[in-house]
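The structure appears below as structure tokens.
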Amino acid sequence: MSGKQVVGGPSHDSGGGGKKVAAMQLEREVMLGDIIWVKLQSNSWWPAQVVDENTVSESNKPDDKAVGAALVRLYGTYEYLYVDLIKSRLEFQIVLEQNNGSHREIFEKALEQVIIFILHIIKKIVSILHICYTFVANNLDAEMYRSFSHLELAQECSRMISGRSKGKQSKSTGYQFFT
């Protein structure tokens, strides 16, 4: 692929065979558009594409740029990170060897972590909705409560929290959901 050089240099490996090829792959010039794997805060690895900093607005760039780091965009998102490309490639090479050279196994592990995180968030949302519905049910008369759909109950809950309720006044003043 032709493009701008981002980081890299010639191989310093004087050995032969596969080790020399691996070292050359790790240290070769990284070009814009190249796919690399980056370690996320969750310690999982995710594919990212090297991008030209000049084409990304300042508001989308992270503030924590280290010297020599390149800007990458995480695949499937519009999230950008600054990454030390050589360090990332070296660390990923170790992880790749630990996973039988399978990018798929590494990606599946990352996806499992994403699913666990999403389920955790859903559990929190359900808990908040339960608190909200209980609050609404305790502050509306029974007939009004039964007449609401789930969406209307959620909207009524929102109005009660913001003090614009159509139902009865709150029995407990100062009640806070998110303390």
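The values are calculated or read from the model by the stated rules, or taken from the named source; none is laboratory data. Because the structure is a prediction, the values reported are computed rather than measured. Here the Cβ is made from the backbone with ideal geometry for all residues, glycine too, and neighbour counts use every protein chain on show.
Residues of the range 97-132 being in contact (Cβ under 8 Å) with a residue 40 or more places away in the chain and closer than 14 Å to LYS39 by Cβ, which ones? ILE106, PHE107, LYS109, ALA110, GLN113 - these are the residues of the range 97-132 that are in contact (Cβ under 8 Å) with a residue 40 or more places away in the chain and closer than 14 Å to LYS39 by Cβ.
Can you spot a residue in the range 94-102 that is among the β-branched types (Val, Ile, Thr) and either touching a helix residue (DSSP H, G or I) at 6+ places or on another chain (Cβ under 9 Å) or closer than 30 Å to ALA70 by Cα (or both)? Yes, the conditions are met somewhere in the range 94-102.
Against the numbered list (1) more than 15 Å from ILE35 (Cα to Cα); (2) exposed (fewer than 11 other Cβ atoms within 10 Å of the Cβ); (3) under 17 Å from the mean Cα position of the chain (by Cα), THR77 comes up short only at (1).
Within the option set SER149, SER127, SER170, SER158, being more than 30 Å from TRP45 (Cα to Cα) and either surrounded by 15 or more Cβ atoms within 10 Å (Cβ to Cβ) or at pLDDT below 70 (or both) holds for one residue only, SER170.
Could you grab me the full set of residues in the range 76-96 that are part of a helix (DSSP H, G or I), out of contact with any Phe, Trp or Tyr (no Cβ under 9 Å at 6 or more places or on another chain) and either among the aliphatic types (A, V, I, L, M) or touching a residue at least 60 places away in the same chain (Cβ under 8 Å) (or both)? Scanning the range 76-96 gives LEU85, ILE86, LEU90, GLN93, ILE94.
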